[in-house]
1. For every helix of n ≥ 4 consecutive DSSP H residues, a contribution of -39,500 (n - 2.57) applies; sum these over the chain, divide by its total residues, and give [θ] at 222 nm rounded to the nearest 500 deg cm²/dmol.
2. How far apart, in nanometres, would the label points at LEU377 and LEU306 be if each is projected 7 angstrom from Cα along the Cα-to-Cβ direction?
3. Listed here are the pairs LYS13/LYS356; LYS50/LYS138; LYS83/LYS356; LYS83/LYS185; which of them are more than 32 Å apart at the Cα?
4. Which whole-Hz ³J(HN,Hα) couplings does the range 334-343 yield from phi under the Karplus relation 6.51 cos²θ - 1.76 cosθ + 1.60, θ = phi - 60°, glycine and proline marked x?
5. For the chain, with a Gaussian network of springs between Cα atoms less than 10 Å apart, report the residue from SER264, SER179, SER145 with the top mean-square fluctuation.
6. Please report how far the C-alpha centroid of the range 89-147 lies from that of the range 343-415, rounded to the nearest whole angstrom.
7. Have a look at ASN141, ASN186, ASN38 and tell me which one the Gaussian network model of the chain (Cα, springs below 10 Å) gives the largest fluctuation.
8. Could you check the spin-label model distance between LEU257 and ASP79? Points 7 Å from the Cα along Cα→Cβ, value in nm.
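Bear in mind these aren't lab numbers, they're just calculated from the coordinates by the rules spelled out. Source: prediction; values computed, not measured. Neighbour counts run over all protein chains shown; Cβ positions are idealised from the backbone, glycine included.
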Amino acid sequence: MKNTVRQVFHSSKFVVGFVIFVAILLLIILYPLFFPGNPLEMIGVGTFAKPGTYVSLYDGINTETETLKLPGAADKRLDSVLKREDRIKMVAYLSAVGADIEGLDYMDTEALMELWRANYDETARPSGMTKAERNYYKRLNASLSSMGSSGQMTVTEHDSSGEEQVVATIGTEDYVNVSDVANTKNLVLGTDNFGRDVLKELVSAAGTSIVIGLIAGAVATAIGLLLGLLSGYLGGFVDDIIMFVTNIFTVIPGFVLLILISYSLGQDKRGAAIVALVIGLTSWTWTARSVRSQVISLRNRDHVNLSRLSGHSLWRILMTDILPYIASYVVMAFILQVSSGILAEAQLSLLGLGPKTTEVPTLGLMMNWAMLYSAHLNGSWWAYFPVILMITLISFSLNLMNTGLDQVFNPTLRD
């Protein structure tokens, strides 16, 4: 046994896959300990908040400020509010009033603003420009003037008598230390379409999907192993019956059967465990056929014949004389079944036939939510790309472990 384990961990492919998978498991276990809470809790009212650190403006007003004269602060402030559409319209205005825009790069804020200040005239009425367009340019100019100024902004509120009183005066050179603000939130992967923390949701979803894969893999491997052992060892009529049933399940596309069963269950009955069970019940056929072929090559070995002549029971022969010889193959089949189960759940959930959405998140459900709310169209990559990466890493690690085991236990693949 020790020698076998040593050989397994001498396989570079198995070790790499094992390390990746263990790292994912540690993330799933440790992250909730440091950042507890409901992964489906909606912390945001809006949808698809970008990744970053969020600071409460309300608390920031009353936080002690420091005066910092940072170089280029005014330009950065302009860059942050001057959208691409605004820049294009500014160039259109400059062209309409006859300004020299040859060689102008509209993304060059300094050059664009220099031309704008030199040529913008609120009273001008360029040919073909509507009143609505002139009003747009007035608002844009006012916004740019205030952003580029070194003035101050006062924050007021009404007291009990209804009169306004100044709460705070904020200058363009006033800064607060984030650690001093009472309420801040670091959203490494932003929020999803429901305003939920994507990172917390992703960690929980990965754990749920792995559990689904383990249950589905265990069910499929157990059924395939049992039927394969009986079919391969007994042969004859039993083999014909088992292979007849196996061929029926093989002829019917497994995923189509999975869709039909999931749909017939209904949304309310589709919990994570039920979905895993359904996946396992529809994905055992290739394991059964493979185990059968392995058992057929073993059933006439001398040690098996000796056990049969000694009067040992069927189950003892299968468990002690045949199963140990195919145990490595069974382990590899289980690993592949786990990977297939995770991918099957993701496919089902993308079609809206996965676990019910009110219980726990899964990787497939996160992809479904991102697709339904067009995250891929509005540039909200953080809602779906980390999910794709997590599915890829889990499947890659499991398949790499399987390849490493195959190289260890399959003599034809050894170097």
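1. -19500 deg cm²/dmol
2. Modelled inter-label distance: 7.1 nm.
3. LYS13/LYS356; LYS83/LYS356
4. 5, 4, 5, 5, 4, 4, 5, x, 5, 5
5. Maximum among the listed residues: SER145.
6. The range 89-147 and the range 343-415 have Cα centres separated by 49 Å.
7. It is ASN141.
8. Those two pseudo-labels are separated by 5.9 nm.
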